[in-house]
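**Student:** Structure below; questions to follow.
Read-outs: derived from the displayed coordinates by stated rules, not from any lab. From a predicted model like this one, the values you see are computed outputs, not experimental measurements. Here the Cβ positions follow ideal geometry from the backbone for every residue, glycine too, while neighbour counts run over all protein chains shown.
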């Protein structure tokens, strides 16, 4: 008859408890980082191309770091809404950094996808401003881990340059 090694119940329980605690602490260390404290707002807008089927412009964005740590990003993506309607998207693959408790400006090219709305806004006459919403995703790489910081800003955008380009 084969012999069965009997382990005391206390030894098995303490080993399981140790394994559970180590797993808990290892899992807790890996997923705790979440980037925060950044905003992206529109400072300026300049139209660059106004064609029948495709229009684009340059948005000057202000990135503000509200933390006490410098932050670096590998790129960003921005969706632009004017008067509540989606008009276009800007994608930036250039890395940039923001010092602690400060801000930088950075130009991105926005490609307009809702040309009918852009023409309508350009023809608005004397009402030369539009309410904007900018939904931004900032991409950050820390060692091999990739993070996304989502931020949203709202304000008013001067459309006089857009009106001049449309004529």
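**Student:** Could you order the peptides 37-43, 151-157 from most to least packed, using the average number of other C-beta atoms within 10 Å per residue?
**Tutor:** Numbers: 37-43: 18.4, 151-157: 14.4.
The peptides rank, most packed first, as 37-43, 151-157.
**Student:** Run the simple label-point estimate for residue 89 and residue 44 please: 7 Å along Cα→C-beta, distance reported in nm.
**Tutor:** Each label point lies 7 Å from its Cα, and together they span 2.7 nm.
**Student:** If I model a spin label as a point 7 Å beyond the Cα along the Cα-Cβ vector, how far apart are those points for residue 143 and residue 120 in nm?
**Tutor:** Simple spin-label model gives 5.1 nm for this pair.
**Student:** What is the Cα coordinate range of segment 38-166 on the first, second and third principal axes, sorted by size from largest, in whole angstrom?
**Tutor:** Principal-axis extents of the Cα atoms in segment 38-166, largest first: 48, 26, 22 Å.
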